[in-house]
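**Student:** Provided herewith is a single structure, encoded as structure tokens, for subsequent inquiry.
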């Protein structure tokens, strides 16, 4: 009985130390799934993926309390998650330039998703309307500019991921979700992460 209670307590402690943010797990799965699909699953890439995933989870567990309290850290962590799967693609034989460009495209998608959530919280705050408009405008401008840049550079997968993001943000500018609609907003952003992961795996 005592041992079972101790095991339950240990399991509860481990769960509480893991990142509790839905977005962390969605972005991590999108980045790693896309990288594995692109580089093809081999014993080498699978081993690298496991090591990178454990490292990302360990870093997320260590810092998630600070990240939850800081908007700049939340935005910075999206960029870190976007590049966390780069070693998998490198192990799969992808060129460094190609891996970097895919990482930038993922960073645009993840960073913009975080902006969308920040805009929703700003709309729910007292006197936050002006700030929400600024953040929403940035969430539309960032992926649109990135998509046009990738298109000019003849990088169709990266451009497609960015334009998917700008299309969703254009719709959200009119829908104007607030913090009370975080669940459907999370589902929409999860769908974006999945579609962009597929685009960036091509």
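**Student:** Hey, how many Å between the Cα centroid of the range 47-88 and the Cα centroid of the range 93-128?
**Tutor:** Answer, in whole Å: 14.
**Student:** Would you mind calculating the gained length between residue 127 and residue 42 on full extension (0.36 nm times residue separation, minus the Cα-Cα distance), in nm to one decimal?
**Tutor:** Stretched out fully, the residue 127 to residue 42 stretch lengthens by 25.3 nm.
**Student:** Under a GNM of the chain (C-alpha, springs under 10 Å), which listed residue has the highest mean-square fluctuation: 117, 108, 173?
**Tutor:** 173
**Student:** Quick one: order 66, 25 by neighbouring beta-carbon count within 10 Å, fewest to most.
**Tutor:** Exposure proxy ranking, most exposed first: 66, 25.
**Student:** Can you tell me, using C-alpha contacts under 8 Å and at least 6 residues apart, the relative contact order of the range 21-200 as a whole percent?
**Tutor:** 24 percent
**Student:** Then there's this: Please find, in a Gaussian network model of the chain (springs between Cα atoms separated by less than 10 Å), the residue of 69, 155, 123 whose mean-square fluctuation is greatest.
**Tutor:** 69
**Student:** Same structure, new question: From the Cα gyration tensor of the chain, with a ≥ b ≥ c the square roots of its eigenvalues, which class applies: rounded if a/c is under 1.5, or else prolate if a/b is larger than b/c, or else oblate?
**Tutor:** Oblate is the answer for the chain, as a/c is 1.5 or above yet b/c matches or exceeds a/b.
**Student:** Taking square-rooted eigenvalues a ≥ b ≥ c of the alpha carbon gyration tensor, is the range 51-128 rounded, prolate or oblate, where a/c under 1.5 means rounded and, failing that, a/b exceeding b/c means prolate?
**Tutor:** oblate
**Student:** Springs between alpha-carbon pairs under 10 angstrom, Gaussian network model over the chain: which of 81, 185, 28 fluctuates most?
**Tutor:** Taking springs between Cα atoms under 10 Å, the residue moving most is 185.
**Student:** With the cut-off at 1.5 for a/c, could you classify the range 142-182 from its C-alpha gyration tensor as rounded, prolate or oblate?
**Tutor:** prolate
**Student:** Compute the separation of the alpha-carbon centres of the range 175-190 and the range 145-170 and state it in Å as a whole number.
**Tutor:** 22 Å
No value in this document is a laboratory result; all are computed from the given coordinates. Note that the structure is predicted; figures quoted are calculated from it, not measured. Here the Cβ is made from the backbone with ideal geometry for all residues, glycine too, and neighbour counts use every protein chain on show.
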